[in-house]
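Note sheet for the following structure.
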Amino acid sequence: MENYDAIVVGAGITGAAIAYELQNQGQRVLLLEKHRQPVNATTFSYGGIIYWAGTTPLQRQLCHESRYRWTHLSQELGGETEYRELELLLYLRPEDDPRALAQQFNHCLIRPQQVDRLTAIAIEPQLNPDGIGGAFVVPQGHVHGGKTVNAYLQAFLRLGGIVRIAEVEGLITKRNRVQGVHSGEGNFFAHKVILASGGQSRTLLTSQGVNLPLYFTHAALLQTAPTKENLRCVIMPADLQQRPNLEALAPTLDWHHPNDHCVATVLEPGAVQFFDGRLFIGQISQLVTSPHYRPDLAWAQQQLQTAIANILPRIARLPLTAHHCLVAFSGKPLPLVGEIPHLSGLVLFTGFTHPLVYVPPLAQKLAQHLTIGREWVIDHLAAQLNSLQTEK
Ligand SMILES: Cc1cc2nc3c(=O)[nH]c(=O)nc-3n(C[C@H](O)[C@H](O)[C@H](O)COP(=O)(O)OP(=O)(O)OC[C@H]3O[C@@H](n4cnc5c(N)ncnc54)[C@H](O)[C@@H]3O)c2cc1C
């Protein structure tokens, strides 16, 4: 019988970070990931670290800590994250009202600055002068999601952590205590099981009768091969309310009877370039309750290509491939972190809306909380978790 201090489910950014931090605290950790080559939300992430966007005192504190942590993370892990500072350019469409959209930044730690159309084009020459009416710009952090996971995992393995390719099929519980997991590779036991399985955390939770506001969207995006076209900034539409508006519909849906009906779709034409010259172009988010739904990728490609042609015409002409992944969200300003009420031994580390800014500092705090002693930030998040409606 294999016995560990902690089992972490999922090797996206959340799972890789918490597995490393726990192992770094001297725990014996098993990380279970169902895919040998993960095709997950982290792999397709733009890599933006929005440390400018914190609005509450806690978010602002975490934003400061995140910026510091990212600056040193590559060195600590002994692996490349491709961390750098990059301009985020939030473009206005000609018909947008800049004054109305500026209000969404009112309480941000660093307010994006409004620039006119010509200045926006000077900052990012790829922009179509006829497709935009100006922009907001703000510096933010930037990493490569897949490489960051790899850096965390390599450091985890060097510390003696164990990774197994196995799909967790269910939790082993005894008298309201989680003792381990069932998987295709057998049963594994641990004092704590940490759910960090992104959009699929919901399925494992509901199989235990736990009902929390943890949902997912289906995202479709495009990728290019490495190209000589040069994009200087991260490009996104300025209206950042579209996705929160879509997410706000989630609690009204019947997630207990999932189906393939698409309730709402948001199209956010944007792009980012990584060090190797590859471009990611996104993104279409669809609210569909079945995790098994597969969007029509030919349709998604046509929609995205048409939309991006209006903003970044040269980039829209490059050969593109379309991809799909699930993206978890909780609809709360802060993620679902902490032990599940009524089920001791089960810890959540999921439901992040902007994981790249919050995961590194929170993974460190959660690992300390579970080993050395209480961390008030984790106590605060666990209290939020407790206050959410749960059903047994
Ligand atoms: C196009 C796009 C752009 C984005 N840009 C940004 C951005 O700029 N900044 C930002 O902060 N966020 C961004 N995001 C969101 C971010 O990428 C995700 O929220 C984040 O990567 C989720 O990480 P995760 O670890 O929770 O989940 P995932 O990365 O999805 O990882 C979950 C892992 O768990 C595994 N798993 C699931 N179920 C099981 C099981 N039963 N057994 C074993 N393994 C299992 C999966 O195989 C997967 O590898 C973006 C998302 C998309 C799609």
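Between H324, H261, H342, the distinction of being in the same structural domain as T43 (by TED's automatic domain parsing) and either part of a loop (DSSP other than H, G, I, E, B) or closer than 22 Å to V39 by Cβ (or both) belongs to H342 only. Taken together, G270, G184 contain a single residue that is closer than 30 Å to L89 by Cβ and either open to solvent by less than 20 Å² (accessible area, probe 1.4 Å) or not assigned by TED's automatic domain parsing to the domain that holds R111 (or both), which is G270.
Residue-wise test of (1) modelled with pLDDT under 95; (2) under 30 Å from I132 (Cα atoms); (3) not in a strand (DSSP E or B).
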| position | (1), (2), (3) |
| --- | --- |
| A53 | no, yes, yes |
| L73 | no, no, yes |
| L90 | no, yes, no |
| C108 | no, yes, yes |
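The residues of the stretch 202-220 that are in a loop (DSSP other than H, G, I, E, B) and either within 9 Å of the ligand (Cβ to nearest atom) or not small (G, A, S) (or both), listed by number, are Q208, V210, N211, L212, P213, L214.
If the condition is being surrounded by 16 or more Cβ atoms within 10 Å (Cβ to Cβ) and without any contact (Cβ under 8 Å) to a residue 40 or more places away in the chain, then the stretch 135-174 contributes only I172.
All of (1) in contact (Cβ under 8 Å) with a residue 12 or more places away in the chain; (2) open to solvent by 50 Å² or more (accessible area, probe 1.4 Å); (3) out of contact with any helix residue (DSSP H, G or I) (no Cβ under 7 Å at 6 or more places or on another chain); (4) away from the ligand (no atom under 16 Å from the Cβ) hold for E339 with one exception: (3). Filtering the stretch 348-380 to residues that are in contact (Cβ under 8 Å) with a residue 40 or more places away in the chain, surrounded by fewer than 24 Cβ atoms within 10 Å (Cβ to Cβ) and either small (G, A, S) or touching a Leu at 6+ places or on another chain (Cβ under 6 Å) (or both) leaves P361, I378.
Report, by residue number, each residue of the stretch 202-241 that is closer than 22 Å to E169 by Cα and hydroxyl-bearing (S, T, Y).
Across the stretch 202-241, the qualifying residues are T203, T206, S207, Y215, T217.
Screening D116 with (1) more than 23 Å from I281 (Cα to Cα); (2) in contact (Cβ under 8 Å) with a residue 40 or more places away in the chain gives one miss only, at (2).
In the set (1) among the aliphatic types (A, V, I, L, M); (2) closer than 14 Å to P360 by Cβ; (3) not in a helix (DSSP H, G or I), the condition left unmet by V8 is number (2).
Filtering the stretch 20-41 to residues that are under 29 Å from I284 (Cα atoms) and more than 6 Å from the ligand (Cβ to nearest atom) leaves R36, Q37, V39.
So G199 ticks every box in (1) surrounded by fewer than 20 Cβ atoms within 10 Å (Cβ to Cβ); (2) within 30 Å of R84 (Cβ to Cβ); (3) within 15 Å of the ligand (Cβ to nearest atom) but one. Which box is left unticked? Exception for G199: condition (1). Taking L109, is it over 24 Å from the mean Cα position of the chain (by Cα) and in the same structural domain as D239 (by TED's automatic domain parsing)? Against the criterion (over 24 Å from the mean Cα position of the chain (by Cα) and in the same structural domain as D239 (by TED's automatic domain parsing)), L109 does not qualify. Remark: pairs (first residue in the stretch 25-43, closer than 23 Å to N187 by Cβ and acidic (D, E); second residue at pLDDT 95 or above and near the ligand (Cβ under 6 Å from one of its atoms); Cβ separation under 6 Å; 6+ apart in sequence or on different chains) = E33/A11. Here R84 meets each of (1) in contact (Cβ under 8 Å) with a residue 24 or more places away in the chain; (2) open to solvent by less than 30 Å² (accessible area, probe 1.4 Å) with one exception, condition (2). Taken over the stretch 302-332, the criterion of being farther than 30 Å from L385 by Cβ, within 13 Å of the ligand (Cβ to nearest atom) and surrounded by fewer than 22 Cβ atoms within 10 Å (Cβ to Cβ) is satisfied by A322, H323. Residue pairs whose Cβ atoms lie under 6 Å apart, separated by 6 or more positions or on different chains, with the first residue in the stretch 266-290 and within 14 Å of I315 (Cα to Cα) and the second at pLDDT below 95, are G270/G282.
The values are calculated or read from the model by the stated rules, or taken from the named source; none is laboratory data. Note that the coordinates shown come from a computational prediction; the quantities given were computed from them, not determined experimentally. Using ideal geometry, Cβ is built from the backbone for each residue, glycine included, and neighbour counts are taken over all protein chains shown. These accessible areas exclude ligands, DNA and RNA; they are computed on the full protein's heavy atoms, side chains included. Shrake-Rupley method; radii C 1.70, N 1.55, O 1.52, S 1.80 Å.
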